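In what follows, a single structure is set out as structure tokens and then discussed.
The values are calculated or read from the model by the stated rules, or taken from the named source; none is laboratory data. What you see is a predicted model; the values in this text were computed from it and never measured. Using ideal geometry, Cβ is built from the backbone for each residue, glycine included, and neighbour counts are taken over all protein chains shown. Accessible surface is based on the protein model in full, side chains and every heavy atom, while ligands, DNA and RNA are left aside. Shrake-Rupley method; radii C 1.70, N 1.55, O 1.52, S 1.80 Å.
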Amino acid sequence: MIIRTKAPLRLGLGGGGTDVEPYCSLYGGYVLNATIDLYAYCTVTEITDKQVIFVAADRGEQQIETLQFPLPYNGVLDLHKAVYNRLIKDFNQGQPLPLQITTFSDAPAGSGLGSSSTLAVAIVKAFVELLKLPLGEYDIAHLAYEIERIDLGWLGGKQDQYAATFGGFNFMEFYEQDRVIVNPLRIKNWVINELEVSLILYYTGISRYSSQVIEDQIQNVQEKNDQAIAATHQLKKEAILFKEALLKSDFMGIAEILRTSWEAKKKLSKLISNPQIDRIYRVARETGAYSGKISGAGGGGFIIFMVDPTKKIEVIKALKSEGGQVINFHFTKYGTQAWTL
């Protein structure tokens, strides 16, 4: 039996950083995001050998383990192993299964589109299909979150797992004791079309470790850094304003919120921007972009720019001269999906 899954990557539109502990437990976090037609994929194949084989095809990595439980972590494909360990422990009585798990993603790790968490969701979804588990969207997202943040101890927020699982435009609320509320937004098709044609998704070519940026954010909250906490409060407020502007079709309002969100985000950590990112931003603005912001924790990855569609090509040409890559995308309405061959 062969099982395949896919889970969509997301653009962080507003409130990113307010879904990170301890901020969201102390103050509550709000995030607005939307999934796009870039995906993480997983294929699970039952095999006869007494092995578990993990393959990250896009990264050229492979790990073969003898059939045992739990599988040890060694820094190679630990996310794959962690999902396997958790699902075998919780839903297969600790009895290991001989499988080959092959994955790849449309975006590189460290891109700021939630690629690691999206991959975790895709692998979890494959096990849900394989073991016929009665898990809903909240269950899958929370399980993927726990595997990353607790089982592996990786730093990060909570929005990515829920975006990949639910799909579409969502306004998310994060509270203490891991309480999460996902509010799907009903956005008119013409508004989605206008937003798509007004946005440029630009990959800087800088792959960064989000944990370094997030660790700095966490420390600022723990140490009660007034500037960082006030900036995070501002990001939370702007997630609400972005939602309202989107529902009211206020595109210039959206452009202004992206601008002020970027200014606030840079105050969360000194690692969020750097001279190269500042130069890219300046080039885009000088050639006609209204505003922009980094998608994700910061430090590199993808930047979203909002432009007048009639000036889009001019801005794209200028950005390409900076050595990065413009990625075509469309918004998608669906979250993670699975099918059996």
The lone exception for Ala82 - which of (1) more than 30 Å from Ser273 (Cβ to Cβ); (2) open to solvent by 10 Å² or more (accessible area, probe 1.4 Å); (3) touching a residue at least 40 places away in the same chain (Cβ under 8 Å) it fails: (2)
Yes or no: region 44-59 includes at least one residue that is modelled with pLDDT of 95 or more, open to solvent by 30 Å² or more (accessible area, probe 1.4 Å) and under 18 Å from Gly114 (Cα atoms). no
Out of Ser321, Ser295, which single residue is of a type in the set (Gly, Ala, Ser) and under 25 Å from the mean Cα position of the chain (by Cα)? Ser295
Provide a single number: the residues in region 1-32 that are under 18 Å from Ile218 (Cβ atoms), surrounded by fewer than 24 Cβ atoms within 10 Å (Cβ to Cβ) and over 18 Å from the mean Cα position of the chain (by Cα). 5
Taking region 248-260 and keeping only residues that are open to solvent by less than 80 Å² (accessible area, probe 1.4 Å) and within 23 Å of Trp190 (Cα to Cα), one is left with Ser249, Asp250, Phe251, Gly253, Ile254, Ala255, Ile257, Leu258
How many of the residues in region 244-261 are of a type in the set (A, V, I, L, M) and touching a Lys or Arg at 6+ places or on another chain (Cβ under 7 Å)? 1
Can you name the number of the only condition in (1) outside any helix (DSSP H, G or I); (2) touching a residue at least 60 places away in the same chain (Cβ under 8 Å); (3) surrounded by 22 or more Cβ atoms within 10 Å (Cβ to Cβ) that Thr102 fails? (3)
Kindly indicate the residue of region 298-341 that is polar (S, T, N, Q) and surrounded by 15 or more Cβ atoms within 10 Å (Cβ to Cβ) and also farthest from Ile36 (Cα to Cα) among those meeting that condition. Gln337
Considering each of Leu119, Leu113, Leu130 in turn, give the residue that is open to solvent by 10 Å² or more (accessible area, probe 1.4 Å) and within 19 Å of the chain's Cα centre (by Cα). Leu119
For region 49-84, which residues satisfy the criterion of being of a type in the set (Ser, Thr, Tyr) and closer than 20 Å to Val124 by Cβ? Tyr73, Tyr84
Among the residues of region 76-102, which ones are of a type in the set (Lys, Arg) and over 20 Å from Gln161 (Cα atoms)? Lys89
How many residues are on the phi > 0 side of the Ramachandran plot and either part of a strand (DSSP E or B) or open to solvent by 30 Å² or more (accessible area, probe 1.4 Å) (or both) when one looks only at region 64-79? 1
Starting from residues that are of a type in the set (Gly, Ala, Ser) and over 20 Å from the mean Cα position of the chain (by Cα), keep the ones in region 267-289 and report whichever is surrounded by the fewest Cβ atoms within 10 Å (Cβ to Cβ). Gly288
Answer yes or no as to whether Ala264 is closer than 16 Å to Gly292 by Cβ, aliphatic (A, V, I, L, M) and surrounded by 15 or more Cβ atoms within 10 Å (Cβ to Cβ). yes
Being in contact with a Pro (Cβ under 7 Å, 6 or more places away or on another chain) and at pLDDT below 95 narrows it down to one of Gln276, Gln222, Gln217, Gln227, so name that one. Gln222
